[in-house]
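Quick note: the coordinates plus some simple rules give every number you see, no bench work behind them. Only a predicted model underlies this, so the values are computations on that prediction, with no experimental measurement involved. Here Cβ is always computed from backbone atoms with ideal geometry, including for glycine, and neighbour counts include all displayed protein chains.
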Amino acid sequence: MEKTLVILKPSAIERGLVGQILTRFQQKGLTIVGMKMMQLDEKLLREHYAHLVDRAFFPWLLASMMATPVIVLCLKGRDAVRVVRLMTGATNGREALPGTIRGDFSLSGQENIVHASSSLEDAEVELKRFFADGEIYDWVPQSTPFLYAPDEA
Ligand code: IDP
Ligand code: MG
């Protein structure tokens with residue numbers, strides 16, 4: 001089973017969307033195997049957003065991501081990385097399709113509610129970045145036979 005990282009960004013925390021977003025992932029059948037609140041700092045964000053540090057908007061992104069504590073999630077499921085990206089929608093909330101998290105909750109390219117790992121390789125690196133050893137609980141739900149066929153689980 002794949003694992004992926006989701007961050008409920010300050011835009012989700014400040015707007016009181018945490019419950020609705022968690023509900024979406026749970027309704028889909030994804031398993032929460034890690035979850036905690038943490039305050040991000042500049043050092044960690046420069047690693048996490050290394051591909052964006054030279055962009056003019058990076059100082060705004062930094063401030064935005066440090067504005068409140070965030071909630072980090074590790075979600076587990078079949079093809080979880082791709083499934084969660086589909087549920088997240090396009091980066092810019094104005095372009096994201098209705099039905100996606102960004103499409104339903106955001107009008108912004110920056111204040112776009114959630115981060116989700118974009119590939120399996122990124123997910124592995126990002127989960128190590130945000131979770132310490134012992135903070136991910138690899139439990140198997142009793143409902144697994146009602147979520148997957150035998151060859152999917
Ligand atoms: P992603 O979050 O959809 O993977 P990335 O290109 O990796 O998109 O960008 C990371 C984050 O940086 C975005 O989620 C958004 O918060 C912010 N960002 C990306 N592009 C812009 C922009 O053009 N203006 C402002 N913020 C941006
Ligand atoms: Mg990205």
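Taking the conditions exactly as written (buried (at least 21 other Cβ atoms within 10 Å of the Cβ) and under 23 Å from V125 (Cβ atoms)), does F25 satisfy them or not? Spelling it out, F25 is indeed buried (at least 21 other Cβ atoms within 10 Å of the Cβ) and under 23 Å from V125 (Cβ atoms).
Being of a type outside the set (S, T, Y), surrounded by fewer than 21 Cβ atoms within 10 Å (Cβ to Cβ) and touching a strand residue (DSSP E or B) at 6+ places or on another chain (Cβ under 6 Å) is a property that P59 lacks.
Figure legend. Inter-residue proximity from region 61-89: first residues at negative phi, second residues in a helix (DSSP H, G or I) and among the aromatic types (F, W, Y), beta-carbon distance below 7 Å, spacing 6+ or different chains. Indicated pairs: V72/F130; L75/F25. Every residue in region 64-115 that is of a type in the set (S, T, Y) and outside any loop (DSSP other than H, G, I, E, B), please. Of everything in region 64-115, those that are of a type in the set (S, T, Y) and outside any loop (DSSP other than H, G, I, E, B) turn out to be S64, T88, T100. For region 19-63, a residue qualifies if it is within 16 Å of ligand 1 (Cβ to nearest atom), closer than 14 Å to R129 by Cβ and of a type in the set (G, A, S), and exactly one does: A50.
I'm checking my understanding of the structure. Among residues of region 88-122 that are of a type in the set (A, V, I, L, M, F, W, C), away from ligand 1 (no atom under 12 Å from the Cβ) and in contact with a helix residue (DSSP H, G or I) (Cβ under 8 Å, 6 or more places away or on another chain), which one is nearest to A132 (Cα to Cα)?
L120
Quick one: is S118 closer than 30 Å to V140 by Cβ, of a type in the set (S, T, N, Q), within 16 Å of ligand 2 (Cβ to nearest atom) and in a loop (DSSP other than H, G, I, E, B)? Answer is yes for this residue. Of the residues examined, R85 is one that is within 16 Å of ligand 2 (Cβ to nearest atom), within 13 Å of the chain's Cα centre (by Cα) and under 20 Å from F105 (Cα atoms). For region 125-132, does any single residue satisfy the condition of being aromatic (F, W, Y), within 16 Å of ligand 2 (Cβ to nearest atom) and either in a loop (DSSP other than H, G, I, E, B) or under 16 Å from the mean Cα position of the chain (by Cα) (or both)? So far as region 125-132 goes, yes, one or more of its residues are aromatic (F, W, Y), within 16 Å of ligand 2 (Cβ to nearest atom) and either in a loop (DSSP other than H, G, I, E, B) or under 16 Å from the mean Cα position of the chain (by Cα) (or both).
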